[in-house]
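Laboratory data are not the source of any read-out in this text; all were calculated from the coordinates shown. The shown structure was predicted, so the numbers you read here are calculated from the model rather than taken from an experiment. Positions of Cβ are backbone-derived with ideal geometry, glycine not excepted, and every protein chain shown enters the neighbour counts.
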Amino acid sequence: MKILVPVKRVVDYNVKVRVKADGSGMETAGVKMSMNPFDEIAVEEAVRLREKGVATEIIAVSLGVAQCAETIRTALAMGADRGILVETDAELQPLAVAKLLKAIADKEQPKLIILGKQAIDDDMSATGQMLAALLDWPQGTFASKITIEGDLMTVVREVDGGLETVTVNLPAIITTDLRLNEPRYASLPNIMKARKKPIETIKPADLGVDPAPRLTTLRVSDPPKRKAGVKVGSVAELVSKLRNEAKVI
Amino acid sequence: MTSLVLLEFDAAGIKQPSRSAVAAAQKLGEVHALVAGSGLDAAAQAAAKLPGVTKVLVADSPALDHLLAEPTAALLLALAPAYSHLLAATTAVGKNIMPRVAAMLDVQPISDIADVVDADTFVRPIYAGNGLATVKSADAKKVITVRAASFDPVAADGGNAPIEPAAIPDLPSVSKFVSAELSKSERPELTAARVVISGGRGMQAGENFKLLEPIADKLGAAVGASRAAVDAGFVPNDYQVGQTGKIVAPELYVAVGISGAIQHLAGMKDSKVIVAINKDEEAPIFQVADYGLVADLFTALPELAAELERS
């Protein structure tokens, strides 16, 4: 079974991103970029499926600027076999990404596509579900456990009140939640090996997709700032303040 | 211009996040509500009572039980032509279904809106809430999920809308519900609670979350956790408050042993009053806390329980 794993290059999760002074967006120039954390979980799950003999080939796909090749290289070092970079400097929104990924899926015919449940930059949480719709495949979103038997996949999903178990027919889409696995660190030999693995570079037009954004960002503003409050000296003082000053208990 | 809101419900009625989605839809014009599943009499009655809802559509089919994404998206697609906006709350259900519907309609969804500017323009948080983006959609139809913490929910009754059956299209059966293991709790749901008390990595072990219980009982609070506490295996993921968990905005939020990572602040900083209890006085959580107590939680929590018990 072939598995496709889309990976997104995002601002590293440890970086506190600020709004640009002119309100046109976030200040991302010169900050550390990494693979979206949920996509690392997706790569890890694919690699584990290959180690179990379920998967035969893992293709990592990234879409965006030329530097997204580095993100693919990280996936290759974790164990993916080859990469596809859809290179463009244009802004890509989830609908366009889903269309581009559909075109790749049509060509590569994977039986499973594993994506992160959300990217930590736009926080949209949409691409996996949209790709499933365009391919007319079922989806197992926010997965914390998957089991594949033949053409049936059992997915344990993180839902609001706990866990839900569903089965979906393959081919299918998975989006990863936190507890699906703990991604490995790439070893030095594997990082060296990854340099030799192939990455194919294509353009959105090669896939026949118009990636024009549908949402225009008019402005980005700072969220309302909270003022730091007071330190209290004791539990008794805390309870007294909550009762008499804040009046919330 | 009429909006359709997909409602979630349980035995107690229409869930609070869905009532917040109705409140957001009211800012856009007329509001119709949709309940889907089987045995919907009580849910339809509850939906009809929501103030501001002018029609309730009832999609009665066992294939829609549990609101699986594939059949529910097919239903919404069939109903979509009559509506300018399709909305649901940003919950596990809404997030699962709405982007799927959007793609079927060739629409870019607008996820997790925090405000409505006009029929095409919405405010939504990005980068864990470190920015608030005002975005304008060029799509003819809008598909939206609503950040419940940003809209006061409509009341549970006061309205009297007519109830009509929805025309149900052929529904795909490529997925099946097997089972649900829901956390059993007498406490309010995290996203609906007036008070939330959360523990972080400082709790050191899952069993220590018991220390939060007498306080939660006394305050009628829901119990939450930081991602660090979930990652460490102390509590299940449905406790998680933060960018990748639940977004809450209670009257009172008590953060215990939580350092205040960006990803956690994203889930609770709109709370009205924030209390932080942490032994590290440099912890970033104190920068957003209205009341900070620098103390060892293992002594402070029993003291707090006793103090609340006393009065």
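Values computed for the structure shown
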item: Farthest toward positive dipole pole in the protein assembly as shown [+1 Lys/Arg, -1 Asp/Glu at C-beta], among B:Ala155, B:Leu50, A:Ser240; result: A:Ser240
item: Set of lysines near A:Lys102 by C-alpha distance (under 21 Å), chain-local residues within fewer than 8 positions excluded; result: A:Lys2, A:Lys8, A:Lys111, A:Lys117, A:Lys203, B:Lys95
item: Cut-off under 5 Å, modelled amide H: who pairs with A:Gly25 long-range; result: A:Lys20, A:Val220
item: Cα gyration tensor shape for chain B, rounded if a/c is under 1.5, else prolate or oblate; result: prolate
item: Helix B:16-26 axis, angle to chain B major axis (alpha carbon atoms, nearest 10°); result: 50
item: Protection-proxy order for peptides A:158-165, A:86-93, B:254-261, A:145-152, each taking the mean of Cβ atoms within 10 Å per residue, highest first; result: B:254-261, A:158-165, A:86-93, A:145-152
item: Shielding score for A:176-182, defined as the mean number of other chain Cβ atoms within 10 Å; result: 3
item: Percent antiparallel among DSSP beta bridges (both partners in segment B:1-148, rounded to 5); result: 30
item: Note, ³J(HN,Hα) from phi for segment B:33-39, Karplus 6.51, -1.76, 1.60, rounded to Hz, x at Gly and Pro; result: 10, 10, 10, 9, x, 10, x
item: Tensor-based shape of the protein assembly as shown (alpha-carbon gyration tensor, a/c under 1.5 rounded, otherwise prolate or oblate); result: oblate
item: Using θ = phi - 60° and Karplus 6.51 cos²θ - 1.76 cosθ + 1.60, couplings along segment A:159-176 (whole Hz; Gly, Pro as x); result: 10, 4, x, x, 10, 10, 10, 10, 10, 10, 6, 8, x, 8, 10, 10, 10, 8
item: Beta bridges by DSSP in chain A, antiparallel share as percent, to the nearest 5; result: 40
item: Among B:Leu79, B:Leu182, B:Leu105, residue whose mean-square fluctuation peaks in a GNM of chain B (springs only between Cα atoms under 10 Å); result: B:Leu182
item: Among A:185-191, B:220-226, B:243-249, the order from most to least packed when residues are scored by Cβ within 10 Å on average; result: B:220-226, B:243-249, A:185-191
item: Kirkwood-based shape ratio for segment B:19-60, expressed as Rg/Rh from alpha carbons; result: 0.98
item: Averaged over B:281-291, number of beta-carbon atoms from partner chains that fall within 10 Å; result: 4
item: Rel. contact order, % - alpha carbon contacts under 8 angstrom, at least six apart, segment A:88-230; result: 27
item: Global size of segment B:98-229 as Cα Rg and Dmax, reported in angstrom; result: 20.1, 53
item: Within segment B:131-201, GluC sites (Glu not before Pro) in DSSP loop having at most 10 other beta-carbon neighbours inside 10 Å; result: B:Glu186
item: Sorted by Cβ density within 10 Å, fewest first, the residues B:Val275, A:Val232; result: A:Val232, B:Val275
item: In degrees, nearest ten, helix B:297-310 long axis to first principal axis of chain B (Cα); result: 80
item: Whichever aspartates and glutamates have a C-alpha closer than 13 Å to that of A:Lys241, once near sequence neighbours (fewer than 8 apart) are set aside; result: B:Asp290, B:Glu307
item: At most 12 other Cβ within 10 Å, DSSP loop - GluC sites (Glu not before Pro), segment B:215-311; result: B:Glu281, B:Glu282
item: Extent along principal axes [Cα atoms of segment A:1-79; Å; largest to smallest]; result: 52, 22, 17
item: For A:Val61, residues with placed amide H under 5 Å, excluding near neighbours; result: A:Val5, A:Val7, A:Ile84
item: Average Cα contact separation per residue, chain B, under 8 Å, 6 or more apart, as relative contact order %; result: 15
item: Charge sum, other residues only, whose C-beta stays under 14 Å from A:Val220's C-beta, Lys/Arg counted +1 and Asp/Glu -1; result: -3
item: Aspartates and glutamates with Cα under 20 Å of A:Lys107, excluding same-chain neighbours fewer than 8 positions away; result: A:Glu57, A:Asp81, A:Glu87, A:Asp136, A:Glu200, A:Asp206, A:Asp210
item: Estimated vicinal HN-Hα couplings, Hz - segment B:173-186 in sequence order (Karplus 6.51, -1.76, 1.60; Gly, Pro = x); result: 10, 8, 9, 9, 6, 10, 6, 10, 10, 9, 4, 8, 8, 7
item: Compactness of segment B:75-125 as Cα Rg over 2.2 N^0.38 Å, two decimals; result: 1.12
item: DSSP beta bridge pairing in segment A:103-177, given as percent antiparallel to the nearest 5; result: 65
item: Cα gyration tensor shape for segment A:130-217, rounded if a/c is under 1.5, else prolate or oblate; result: oblate
item: Contact order relative to length of segment A:1-135, as percent, for alpha carbon pairs under 8 angstrom and 6 or more apart; result: 32
item: Debye intensity ratio in log₁₀ form over the Cα atoms of segment B:1-155, taken at each q of 0.12 Å⁻¹; result: -0.44
item: Inter-chain Cβ neighbour average for residues A:206-218, partner chain, 10 Å; result: 4
item: 5 Å binning of all Cα-Cα separations within segment A:91-249, expressed as whole percents from 0 upward; result: 2, 7, 11, 12, 12, 13, 11, 9, 6, 5, 5, 4, 2, 0
item: Where labels lie 7 Å past Cα in the beta-carbon direction, separation of A:Glu245 and A:Val230 in nm; result: 0.3
item: Over segment A:49-88: Rg over Rh, Cα atoms, Kirkwood Rh; result: 1.06
item: Environment charge at B:Asp157 (Cβ cut-off 15 Å; Lys +1, Arg +1, Asp -1, Glu -1); result: +3
